[in-house]
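K.L.:
Got a structure here, written out as structure tokens. Questions coming.
The values are calculated or read from the model by the stated rules, or taken from the named source; none is laboratory data. These figures come from a predicted structure and were not determined experimentally. All Cβ positions, even for glycine, are placed from backbone atoms using ideal geometry, and neighbour counts span all protein chains on display. These accessible areas exclude ligands, DNA and RNA; they are computed on the full protein's heavy atoms, side chains included. Shrake-Rupley method; radii C 1.70, N 1.55, O 1.52, S 1.80 Å.
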Amino acid sequence: MQLVRPFASLCLDDIPLVGGKNASFGEMIRALGPQGVHVPDGFALTADAYRALLEGPGVQGEVRAALAGLDPRQVDALRAAGARCRRAIREAPWPEALSRELRDAYAVLSRQYGEAESDVAVRSSATAEDLPGASFAGQQETYLNVRGLPQLEEACRKCFASLFTDRAIAYRAERGFEHEKVQLSVGVQKMVRADQGGAGVIFTLDTESGFDRVVFITAIYGLGENIVQGVVNPDEYVVFKPTLVEISRRLGSKEIAMLYDEGGSRGTRNRPVPEALRDQFVLTREESSELARQALAIEKHYSARAGEPRPMDIEWAKDGRSGELFILQARPETAHAGRDPAKLVTWRLIERGAVRVRGRAVGTQIGAGPVARLDRAAQAREFVPGSVLVTGMTDPDWEPILRSAAAIVTDRGGRTCHAAIVSRELGIPCVVGTGNATSVLAQGEPVTVSCAEGETGLVLQGQLRFEKRELDARELPRTRTQILVNVGNPEQAFGHSFLPVDGVGLAREEFIIANAIGVHPMALLHPERTDAATQREIATRTRGYPSGADFFEQKLAEGVARIAAAFHPRPVIVRLSDFKTNEYAGLLGGAAFEPREENPMLGFRGASRYAHDAYREGFALECRALRRVREEMGLDNVIVMIPFCRTVPEALGVQQEMAKHGLARGAHGLQIYAMCEIPSNVLLMDRFAEHFDGFSIGSNDLTQLVLGVDRDSEILAGTFDERDPAVLRALEMAISEAHRAGRKIGICGQAPSDHPEVAEFLVRAGIDSLSLSADAVVATRLRVAELEAKQAAS
């Protein structure tokens, strides 16, 4: 009988003896330590030790009697049975051999770290834990900052008893695990002084879409329990796997930190984080890249062991004394396990309602129902199945409620908190970190919870109609004409990456600037030209960044990078900013820098701005952001496109300005496209083609300028029609002249998405690509394939 085993003697084959968690510790120490994966050492009390404890007088019989005929849906009966089981184990005589081996192993570990009595974490490790299809997230207990043999024995005893927490009993029953076949091992691991550094969670894929070419990292100050429990809204970081470069980061509020309690009782305590620290990121870019490197080494190893891709769910900590980064746990990610990327599931709101609260979206689903606002899991009997659970945060005690909820909404927590993990496993929509849901949403109020808008989750007024669509991309035919997708919101890019498309035909900078930045670039460069209130708001939005310029560059680069990474190595055409002056003026601080124009649609927009003294400095920020994406982040699939370029000299002036900031055409493989949306672009296509690598037709502007119709005019709305013969003639001319000049030409305007007959006309005219809204991709690809087949047959 093996009662205690050092981690270094364990591997994944030992799961029946020490459970998934402890077996994983040994596997990483032995196999991945030489690759620079740092895991704190320790030892495991085995399942044999658990069985020895249960073999004490009357213990096993008491446990069996407590669970006999139990219906875990009966809350009172579940509570009584769990308490009876735990009491039997806590009061069982501690086997002498186990006491001796525990004492000796603890002494060895303490000497290894040069201490008389090491501070350790005591973690449970169930023998059925961390298997594909079941996360067992938080089912048993963990005890931190345990020091000295008496405390250690007590913590181990509590861990063994926690196999029979109410939530663990219910979880096993729900998933068909027999109680006696699930046994418990206890891991004793040297503590990392994360209380003086930070901690968090890593997933080796995007947790919402399942996109597997990024590493997603969360981070808080202090020990990591707060992040799992959803107590704190963490920082978030995304690292692109092929380059191991961070492509985006998001500042969390990080209000409290779990620290060592150095008093007589030891253990831990929560304390407020100073405001200055909240406004800083926990990790540097170098640290997020290093964590991603270790995570990828773990993923590669576990995938090789499994013989198939194995995304991982990893806990990490930073030692505040040494600055070293450690891996604390690693287990297979379960929510996307076995997912077939060719099977596309999309959710769409058919109706819209007023936004009641916003938060972080978990998953991509939509759910609706009446609000059930609860403060404690003990209120389970008050919850009506099919309601939308609204609470401060959840822990494993809430799981009987979560399983019957239409959706989950919490005030606190990030995308790796308990509510997020369980909602993914259950396949229900969840919005976390709203900050105010429990105070805004009323009991019984009908709401719809939508996670289908990207990373921002919405709670909308009313129970709205929505639809779910399923598609197998393998069933779609290929086409000669490239089918591209228009992407405005970077938060939706990872999900859109699974669409059957050849790349992105239009990524709009305006969406990123308006939503992720919200401040006029010139106001960020010259806040002193704005009023005092605007200056204060700019300071608030740019906290955590060295300057307003760095804020703009980084946020724009992050938005573009998410789109480029999602589709890499497929081409992504990024259009430079094309706000009109009235739209620029609507940005924070914008009124101080924009002229008033009678017709902004035909005014100071597009290429005319970029080399002009009124915006040259702002354009430099755009260029530097795109250079950062292509050269620093390694996303060289980005093609830059210039909008609303009226004349050839204007094109040359803009390209000269771009070259000053590292975006010279041809350098590092950079291609520069132009929008073809002005009659002059069509009529002088041969001359424009000398200075551009390709073109994309903007059908909205081309239609208004061919027909002389302001597309914003309500009075003339009936005259604006992309199917007008004059517009179709212009489209046909643009395609033929571009091809005559040896250039590719596509279309990214709305016409092919809205009008199938326009798409067919363009295909017959020989256009190279159609870029469509995401919801039009599948239907258009089918129509194009059919049309091309008819052309080939004729």
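K.L.:
For residues that are under 21 Å from residue 641 (Cβ atoms) and either open to solvent by 50 Å² or more (accessible area, probe 1.4 Å) or within 38 Å of the chain's Cα centre (by Cα) (or both), tally how many sit in the stretch 724-735.
P.N.:
Within the stretch 724-735, residues that are under 21 Å from residue 641 (Cβ atoms) and either open to solvent by 50 Å² or more (accessible area, probe 1.4 Å) or within 38 Å of the chain's Cα centre (by Cα) (or both) number 1.
K.L.:
Which of the residues that make up the stretch 165-182 are under 16 Å from residue 395 (Cα atoms) and in contact with a Lys or Arg (Cβ under 7 Å, 6 or more places away or on another chain)? If you could, list the steps in order and put the result at the bottom.
P.N.:
If we filter the stretch 165-182 for residues that are under 16 Å from residue 395 (Cα atoms), which is where we start, we get 165-171.
166, the sole residue that qualifies.
K.L.:
For residue 667, state whether it is farther than 13 Å from residue 574 by Cβ and loosely packed, with under 15 Cβ neighbours inside 10 Å. Please lay out each step first, then the result.
P.N.:
Details: farther than 13 Å from residue 574 by Cβ: yes; loosely packed, with under 15 Cβ neighbours inside 10 Å: yes.
The answer is yes for residue 667.
K.L.:
Taking the residues in the stretch 353-369 that are in contact with a Pro (Cβ under 9 Å, 6 or more places away or on another chain) and either in a strand (DSSP E or B) or among the basic types (Lys, Arg) (or both) as candidates, determine which candidate is most open to solvent (accessible area, probe 1.4 Å). Write out each step before concluding.
P.N.:
To start, the set of residues in the stretch 353-369 that are in contact with a Pro (Cβ under 9 Å, 6 or more places away or on another chain) comprises 361-369.
Narrowing further to those that are either in a strand (DSSP E or B) or among the basic types (Lys, Arg) (or both): 361-362, 366-369.
On the way: 361: 1, 362: 1, 366: 7, 367: 5, 368: 26, 369: 1 Å².
The selected residue is 368.
K.L.:
It is to be established whether one or more residues within the stretch 402-410 are farther than 22 Å from residue 165 by Cβ and assigned to a loop (DSSP other than H, G, I, E, B). Let's see the steps before the verdict.
P.N.:
Our first condition is that a residue be farther than 22 Å from residue 165 by Cβ; within the stretch 402-410, this holds for 406-407, 409.
Restricting the remaining residues to those that are assigned to a loop (DSSP other than H, G, I, E, B) gives 406.
Scanning the stretch 402-410, I find at least one residue that is farther than 22 Å from residue 165 by Cβ and assigned to a loop (DSSP other than H, G, I, E, B), so the answer is yes.
K.L.:
Name every residue in the stretch 692-724 that is without any contact (Cβ under 8 Å) to a residue 40 or more places away in the chain and of a type outside the set (D, E, K, R), in order of residue number. First the steps, then the outcome.
P.N.:
Keep residues of the stretch 692-724 that are without any contact (Cβ under 8 Å) to a residue 40 or more places away in the chain, which gives 705-709, 713-724.
Hits for the stretch 692-724 are 705, 706, 707, 708, 709, 713, 715, 716, 717, 718, 719, 720.
K.L.:
Shifting gears a bit: Just checking, does the stretch 201-212 include any residue being touching a strand residue (DSSP E or B) at 6+ places or on another chain (Cβ under 9 Å) and among the charged types (D, E, K, R)? Talk me through it step by step, then tell me what you get.
P.N.:
Let us first name the residues in the stretch 201-212 that are touching a strand residue (DSSP E or B) at 6+ places or on another chain (Cβ under 9 Å), namely 201-208.
Subsequent filtering for residues that are among the charged types (D, E, K, R) retains 206, 208.
Within the stretch 201-212, one or more residues are touching a strand residue (DSSP E or B) at 6+ places or on another chain (Cβ under 9 Å) and among the charged types (D, E, K, R).
Conditions (1) of a type in the set (Val, Ile, Thr); (2) modelled with pLDDT of 80 or more, marked per residue:
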{"residue": "81", "(1), (2)": "no, yes"}
{"residue": "96", "(1), (2)": "no, yes"}
{"residue": "99", "(1), (2)": "no, yes"}
{"residue": "125", "(1), (2)": "no, yes"}
{"residue": "132", "(1), (2)": "no, no"}
{"residue": "146", "(1), (2)": "yes, yes"}
{"residue": "156", "(1), (2)": "no, yes"}
{"residue": "170", "(1), (2)": "no, yes"}
{"residue": "181", "(1), (2)": "no, no"}
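K.L.:
So, one more: How many of the residues making up the stretch 679-723 are assigned to a loop (DSSP other than H, G, I, E, B), open to solvent by 10 Å² or more (accessible area, probe 1.4 Å) and at pLDDT 95 or above?
P.N.:
Going through the stretch 679-723 one residue at a time, the tally reaches 4.
K.L.:
Then there's this: Have a look at 45, 53, 10, 3 and point out the one that is buried (at least 19 other Cβ atoms within 10 Å of the Cβ) and without any contact (Cβ under 8 Å) to a residue 60 or more places away in the chain.
P.N.:
Working: 45 fails: without any contact (Cβ under 8 Å) to a residue 60 or more places away in the chain; 53 fails: without any contact (Cβ under 8 Å) to a residue 60 or more places away in the chain; 3 fails: without any contact (Cβ under 8 Å) to a residue 60 or more places away in the chain.
The unique qualifying residue is 10.
K.L.:
Continuing with the same structure: Please state which one of 469, 480 is in contact with a helix residue (DSSP H, G or I) (Cβ under 7 Å, 6 or more places away or on another chain), of a type outside the set (Ser, Thr, Tyr) and surrounded by fewer than 18 Cβ atoms within 10 Å (Cβ to Cβ). Working first, answer last.
P.N.:
On the way: 469 fails: in contact with a helix residue (DSSP H, G or I) (Cβ under 7 Å, 6 or more places away or on another chain).
Within the list 469, 480, the selection yields 480.
K.L.:
On the basis of being more than 28 Å from residue 302 (Cα to Cα), open to solvent by less than 30 Å² (accessible area, probe 1.4 Å), touching a helix residue (DSSP H, G or I) at 6+ places or on another chain (Cβ under 6 Å) and modelled with pLDDT of 95 or more, does residue 200 make the cut?
P.N.:
When the stated conditions are applied, residue 200 does not pass them.
K.L.:
Out of the residues in the stretch 225-247 that are open to solvent by 10 Å² or more (accessible area, probe 1.4 Å) and of a type in the set (S, T, N, Q), state the one that is farthest from residue 416 (Cα to Cα).
P.N.:
243
K.L.:
State the number of residues belonging to the stretch 320-341 that are within 30 Å of residue 474 (Cβ to Cβ) and among the small types (Gly, Ala, Ser). It would help to see each step written out before you state the result.
P.N.:
Here is the first cut: in the stretch 320-341, the ones within 30 Å of residue 474 (Cβ to Cβ) are 332-341.
Now drop any that are not among the small types (Gly, Ala, Ser), which leaves 335, 337-338.
Looking only at that region, the number is 3.
K.L.:
Count, please, the residues in the stretch 172-195 that happen to be crowded, with 24+ Cβ neighbours inside 10 Å and in a helix (DSSP H, G or I).
P.N.:
Count: 2.
K.L.:
In the stretch 414-518, which helices (runs of 4 or more DSSP H) lie fully inside it and hold 2 or more residues that are of a type outside the set (A, V, I, L, M) and either more than 16 Å from residue 358 (Cβ to Cβ) or touching a strand residue (DSSP E or B) at 6+ places or on another chain (Cβ under 9 Å) (or both)?
P.N.:
Where helices (runs of 4 or more DSSP H) fall fully within the stretch 414-518 and carry at least 2 residues being of a type outside the set (A, V, I, L, M) and either more than 16 Å from residue 358 (Cβ to Cβ) or touching a strand residue (DSSP E or B) at 6+ places or on another chain (Cβ under 9 Å) (or both), they are 418-426, 493-496, 509-512.
K.L.:
Also, quick follow-up: Given the criterion modelled with pLDDT under 95 and in a loop (DSSP other than H, G, I, E, B), identify the matching residue among 597, 583. Please lay out each step first, then the result.
P.N.:
On the way: 583 fails: in a loop (DSSP other than H, G, I, E, B).
The conditions single out 597.
K.L.:
Restricting attention to the stretch 275-315, and to residues there that are polar (S, T, N, Q) and open to solvent by less than 40 Å² (accessible area, probe 1.4 Å), which single residue is farthest from residue 224 (Cα to Cα)? Reasoning before the result, please.
P.N.:
Looking only at the stretch 275-315, we keep the residues that are polar (S, T, N, Q), and these are 280, 284, 288-289, 294, 303.
From what is left, the residues that are open to solvent by less than 40 Å² (accessible area, probe 1.4 Å) are 288-289, 294, 303.
Details: 288: 16, 289: 19, 294: 18, 303: 26 Å.
Out of the qualifying residues, it is 303.
K.L.:
A further question on this structure: Please work out which residue is modelled with the lowest pLDDT, limiting yourself to the stretch 224-252 and to residues that are small (Gly, Ala, Ser) and within 17 Å of the chain's Cα centre (by Cα). Quick ask: steps written out before the conclusion?
P.N.:
As a first pass, look at the stretch 224-252 and keep what is small (Gly, Ala, Ser): 224, 230, 248, 252.
Within this subset, residues satisfying the condition of being within 17 Å of the chain's Cα centre (by Cα) are 230, 248, 252.
On the way: 230: 80, 248: 95, 252: 93.
Across the stretch 224-252, the extreme among qualifying residues is 230.
K.L.:
In the stretch 64-110, which residues are touching a Ser or Thr at 6+ places or on another chain (Cβ under 9 Å) and either open to solvent by 30 Å² or more (accessible area, probe 1.4 Å) or over 22 Å from residue 51 (Cα atoms) (or both)?
P.N.:
Those that are touching a Ser or Thr at 6+ places or on another chain (Cβ under 9 Å) and either open to solvent by 30 Å² or more (accessible area, probe 1.4 Å) or over 22 Å from residue 51 (Cα atoms) (or both): 86, 109, 110.
K.L.:
Which one of these does residue 537 not meet: (1) touching a residue at least 40 places away in the same chain (Cβ under 8 Å); (2) in contact with a helix residue (DSSP H, G or I) (Cβ under 8 Å, 6 or more places away or on another chain); (3) among the acidic types (Asp, Glu); (4) open to solvent by 20 Å² or more (accessible area, probe 1.4 Å)?
P.N.:
Failing condition for residue 537: (2).
K.L.:
With the condition kept exactly as written, say whether any residue in the stretch 557-571 is crowded, with 17+ Cβ neighbours inside 10 Å, modelled with pLDDT of 95 or more and farther than 23 Å from residue 696 by Cβ. It would help to see each step written out before you state the result.
P.N.:
First pass over the stretch 557-571, keeping only residues crowded, with 17+ Cβ neighbours inside 10 Å: 557-568, 571.
Going one step further and asking which of them are modelled with pLDDT of 95 or more, we end up with 557-568, 571.
Of the ones still in play, those that are also farther than 23 Å from residue 696 by Cβ are 558.
Within the stretch 557-571 (the criterion being crowded, with 17+ Cβ neighbours inside 10 Å, modelled with pLDDT of 95 or more and farther than 23 Å from residue 696 by Cβ), the answer is yes, since at least one residue qualifies.
K.L.:
Listed residues 611, 585; which is out of contact with any Phe, Trp or Tyr (no Cβ under 7 Å at 6 or more places or on another chain), more than 27 Å from residue 683 (Cα to Cα), open to solvent by less than 50 Å² (accessible area, probe 1.4 Å) and not aromatic (Phe, Trp, Tyr)? Give the derivation first.
P.N.:
On the way: 611 fails: more than 27 Å from residue 683 (Cα to Cα).
Exactly one residue qualifies, and that residue is 585.
K.L.:
Across the stretch 736-772, what is the number of residues that are in contact with a Gly (Cβ under 9 Å, 6 or more places away or on another chain) and surrounded by fewer than 16 Cβ atoms within 10 Å (Cβ to Cβ)?
P.N.:
1
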